[in-house]
Every structure is written in C-alpha cells, then in structure tokens.
1. For the chain, what does -39500 (n - 2.57) per DSSP helix run (n ≥ 4), summed and divided by total residues, give at 222 nm, in deg cm²/dmol to the nearest 500?
2. Based on C-alpha coordinates, I'd like the Rg and Dmax of the chain, in Å.
3. Counting only C-alpha contacts under 8 Å and six or more residues apart, can you give the relative contact order of the chain as a whole percent?
4. Using a simple spin-label model with points 7 Å from Cα along the Cα→Cβ vector, what separation in nm is obtained for residue 89 and residue 26?
5. Order of 84, 94 from fewest to most other C-beta atoms within 10 Å?
6. For the range 11-56, what size does the Cα cloud have along each of its three principal axes, sorted from largest down, in whole Å?
Amino acid sequence: MSSENEGLWAFALRLYGAPGVSDACLVLQDESGVDVPVLLFSAWLASSSVALTPSELARIDGLVKAWRDEVIKPLRAVRRRLKTGPHPAPGPQTENLRNGVKAVELASEKIALALLEAEGAALAGAAPGPAGDNLSLVLRHFREGEPDAQARQALAVIEGALAAL
C-alpha cells in the first residue's frame with residue numbers, strides 16, 4: 001500500500017516509534033478522544049497519497065468503533081487502573097497481570113489495524129490525491145470540532161515524523 005508496499009502494522013510500528021510520536025498520539029487519544037489506530041491508518045494512506053474524505057472516514061471509523069468501545073477501551077482502562085490500584089496493585093504480584101493486559105490490548109489494536117488495512121486496499125484503487133489533511137481530518141472527526149493548541153502541536157509532531165519516514 002505505501003510506496004514501499006509496507007503493511008499497516010509495520011508502518012504503524014515505525015511511525016509510532018519515531019521520536020515524540022507515541023507521546024503525541026497519547027495526547028490526542030486522551031485529550032481529543034482520537035482512536036490511534038485510525039490516526040495511524042490515515043497516516044499510512046497519506047504516505048501513499050490516498051486522501052480520506054469525511055464520509056469515508058466516518059464509514060471506516062464505524063467499522064472499528066464497536067471493537068474499540070467494547071474491547072480496546074475496556075482493556076486500556078484495566079491496564080491504566082492497575083498502575084495505581086486497586087489493592088494489591090500496583091505491586092510486584094500485579095505487574096505481570098498488567099503486562100499481560102497490555103499485551104492483549106496491543107493485540108486488540110493489531111486486529112483493528114488489520115480491519116483498517118483491508119479497507120485501505122479498497123481506497124488505494126482511487127486516484128491519488130492530496131492526502132496532507134488526513135491527520136487533521138481524523139483529529140476533527142474525533143474532537144467533533146477544531147483542535148486546541150495542544151492538539152495542533154501533537155498533530156504537528158506526528159506530521160513531521162511522517163514526512164521524515
């Protein structure tokens with residue numbers, strides 16, 4: 001799909017691992033409600049000059065929404081909760097459990113990315129277009145409005161890393 005025919009999972013790992021990107025993604029997730037797999041998917045499309053429209057984004061988000069809401073978010077909540085409690089967490093006896101939940105959460109996100117990758121193959125058949133707005137489109141979609149300064153800054157970090165890939 002991308003210029004190097006790189007799959008979405010490998011692309012997502014590379015982009016997410018770029019300096020500052022993981023923190024920027026978490027800011028967008030926590031402060032703006034952005035679904036990081038959808039954001040990474042939009043970046044993957046942009047890397048191949050595949051532009052998303054608002055209606056395509058809404059449809060694609062609908063494909064993974066139930067999975068995100070019913071599987072990914074509850075796993076994330078449990079993993080995050082185990083950082084501070086309930087008793088006996090956090091502690092040595094609960095750290096393995098937290099790491100296991102983290103691994104399952106990551107596996108659930110990988111499943112979402114596989115669903116998105118299949119959709120990307122269909123979108124790739126469209127004529128290439130200006131895809132520079134894919135990331136901001138995703139941000140506005142999840143925020144349901146214009147981004148604030150913190151969100152714009154986080155988005156700029158991701159856009160910079162994408163340009164450098």
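The numbers here are math on the coordinates, done by the rules we state, and not lab data. Only a predicted model underlies this, so the values are computations on that prediction, with no experimental measurement involved. Here the Cβ is made from the backbone with ideal geometry for all residues, glycine too, and neighbour counts use every protein chain on show.
1. For the chain, the value works out to -22000 deg cm²/dmol.
2. Both quantities, over Cα of the chain: 16.3, 56 Å.
3. Working: 169 pairs, mean separation 70.7, N = 165.
RCO, the chain: 43 percent.
4. The modelled label-to-label distance comes out at 1.6 nm.
5. Values: 84 8, 94 16.
Fewest-to-most Cβ neighbours within 10 Å comes out as 84, 94.
6. Ordered largest first, the range 11-56 gives principal extents of 26, 22, 11 Å.
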